[in-house]
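Student: Next up is a structure, given as structure tokens.
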Amino acid sequence: MSIGFLSAIVTCVFLMAIMAIHLGFRAPRLANEEPSKDVVFEVVEFEGKQKTLLHGWWLPAGDNFETTVVLLHGWGANKSLLLPLAKAFHNIHCHVLMIDAHNHGDSQSRGVATMPKFSEDLDSAIAWCRSNRPEHSQKVLAVGHSVGAAATLLSASKTSHADAYIAISSFAHPKLMMKRHLGKLSKIPLLTWLLSAYVQKVIGHSFDEIAPVNTIQQISKPVLCLHGNRDSVIPIEDFHLICKSSKNSNVQCAEIADADHDSIDLIEQNFSLIESFLADLDNFKSRGINTV
């Protein structure tokens, strides 16, 4: 096979892959399902970055409670898919703000959807809580699932606006995600490198800069990482890489038995792990770890 012919094949595959990437950036807009009648909630809207209008549901827990949980869904999902988790937090007297990320659910579009933009949406949601529900947001817990989990860790590494963070089913590194999506095509010379360079240019960040396996090392606030040991989308090995890369005492890790990627119901069934994490926040303070 001549070098020219091989180059032509690589170029053709690269162009096709570029088209696939741009289609992939167009996250499917899934319509929200209204909460059941027993759920008391308020529809809220607020501006995110670049004046993007973000849509959310505020679930009040009562005037005497001071902790708010901000929930961020994953790629191609919406806030309603996290309702079981929202109810579990509400049952322990937490206010809950559930948001649709840009280009998802009822929120406005904002160009290409990316994980760093998810992180900015989370920052905007936390800021809204601090400004508009200050008496109910003396403590803020940020919780993200899947891409939302990676965005939560990125937010924690850069701004630390919340008091604690929970990442559920996060990937470890965008490079690993790309290799998994490419499958056998990743063996084509230079293809993975070319595509990685292109995607990094599109999102405006290097993979290493936003990779959870790296951002977890830069977080000073308390973090709980959860992952199902039967995750068929993001393998449990990613979870192990994230937890192994952080040697700080502020990071806790726990596997959820028999849970797949979207097994929010099993997260709910193992909610005692989250309750223990929340109860331990005062201990973080006594060990000199910043939770303010």
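The values are calculated or read from the model by the stated rules, or taken from the named source; none is laboratory data. As the structure is a computational prediction, the values presented were derived from the model and not from experiment. Quick reminder, even Gly has a Cβ in these numbers, built from the backbone with ideal geometry, and neighbours come from all protein chains shown. Please note that ligands, DNA and RNA were not included when accessible areas were found on the heavy atoms of the full protein model with its side chains. Shrake-Rupley method; radii C 1.70, N 1.55, O 1.52, S 1.80 Å.
Student: Criterion first (closer than 19 Å to Gly144 by Cβ, open to solvent by less than 20 Å² (accessible area, probe 1.4 Å) and among the aliphatic types (A, V, I, L, M)) does Ile203 satisfy it? Don't jump to the end; show me each part of the working.
Tutor: Details: closer than 19 Å to Gly144 by Cβ: yes; open to solvent by less than 20 Å² (accessible area, probe 1.4 Å): no; among the aliphatic types (A, V, I, L, M): yes.
Judged against the criteria, Ile203 is not a match.
Student: Another one. Name the single residue that is farthest from Asp280 (Cα to Cα) among those in the range 252-265 being open to solvent by less than 30 Å² (accessible area, probe 1.4 Å), in contact with a strand residue (DSSP E or B) (Cβ under 6 Å, 6 or more places away or on another chain) and modelled with pLDDT of 95 or more. Explain how you work it out, then say what you get.
Tutor: We begin by selecting, within the range 252-265, every residue open to solvent by less than 30 Å² (accessible area, probe 1.4 Å); these are 254, 256, 259, 261, 263-264.
Those still in the list that are in contact with a strand residue (DSSP E or B) (Cβ under 6 Å, 6 or more places away or on another chain) too: 254, 256, 259, 263.
Of the ones still in play, those that are also modelled with pLDDT of 95 or more are 254, 256, 259.
Working: Ala254: 15, Ile256: 19, Ala259: 24 Å.
Applying the filter and picking the extreme gives Ala259.
Student: Only one residue in Ser137, Ser155 is surrounded by 19 or more Cβ atoms within 10 Å (Cβ to Cβ), without any contact (Cβ under 8 Å) to a residue 60 or more places away in the chain and either farther than 30 Å from Gly56 by Cβ or of a type in the set (S, T, N, Q) (or both). Which one? It would help to see each step written out before you state the result.
Tutor: Values: Ser137 fails: without any contact (Cβ under 8 Å) to a residue 60 or more places away in the chain.
Residue meeting the stated conditions: Ser155.
Student: Could you give every pair whose Cβ atoms fall below 8 Å, whose first residue belongs to the range 238-261 and is within 16 Å of Ala150 (Cα to Cα), and whose second residue is polar (S, T, N, Q) and outside any loop (DSSP other than H, G, I, E, B), counting only separations of at least 6 or pairs across chains?
Tutor: Close Cβ pairs (under 8 Å, with a partner that is polar (S, T, N, Q) and outside any loop (DSSP other than H, G, I, E, B)) amount to Ser245/Asn214; Ser245/Gln217; Ser246/Gln217.
Student: Right, something else. Could you say which residue among Glu209, Glu237 is within 30 Å of Trp193 (Cα to Cα), modelled with pLDDT of 95 or more and open to solvent by 80 Å² or more (accessible area, probe 1.4 Å)?
Tutor: Values: Glu209 fails: open to solvent by 80 Å² or more (accessible area, probe 1.4 Å).
It is Glu237.
Residues checked against (1) touching a Cys at 6+ places or on another chain (Cβ under 8 Å); (2) not polar (S, T, N, Q):
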| site | (1), (2) |
| --- | --- |
| Gln50 | no, no |
| His55 | no, yes |
| Pro60 | no, yes |
| Glu66 | no, yes |
| Val69 | yes, yes |
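Student: Could you list, in sequence order, all residues of the range 99-123 that are touching a Gly at 6+ places or on another chain (Cβ under 6 Å) and either under 26 Å from Ala279 (Cα atoms) or among the basic types (Lys, Arg) (or both)?
Tutor: Hit for the range 99-123 is Ile99, nothing else.
Student: If the Cβ limit is 8 Å and pairs must be 6+ apart or interchain, which residue in the range 215-233 that is closer than 22 Å to Gly183 by Cβ pairs with which residue that is part of a loop (DSSP other than H, G, I, E, B) and open to solvent by less than 10 Å² (accessible area, probe 1.4 Å)?
Tutor: Note: pairs meeting the criteria are Arg230/Ala259; Asp231/Ser169; Asp231/Ala259; Val233/Ser169.
Student: So Gly76 ticks every box in (1) surrounded by fewer than 21 Cβ atoms within 10 Å (Cβ to Cβ); (2) modelled with pLDDT of 95 or more; (3) within 27 Å of Ser232 (Cα to Cα) but one. Which box is left unticked?
Tutor: (2)
Student: Could you list, in sequence order, all residues of the range 54-79 that are acidic (Asp, Glu) and touching a Gly at 6+ places or on another chain (Cβ under 6 Å)?
Tutor: Applying the first criterion (acidic (Asp, Glu)) to the range 54-79 yields 63, 66.
Across the range 54-79, there are no qualifying residues.
Student: What are the residues in the range 49-67 that are in a strand (DSSP E or B), within 18 Å of Ala113 (Cα to Cα) and either of a type in the set (S, T, N, Q) or open to solvent by 30 Å² or more (accessible area, probe 1.4 Å) (or both), if any?
Tutor: Correct list: Leu53 only.
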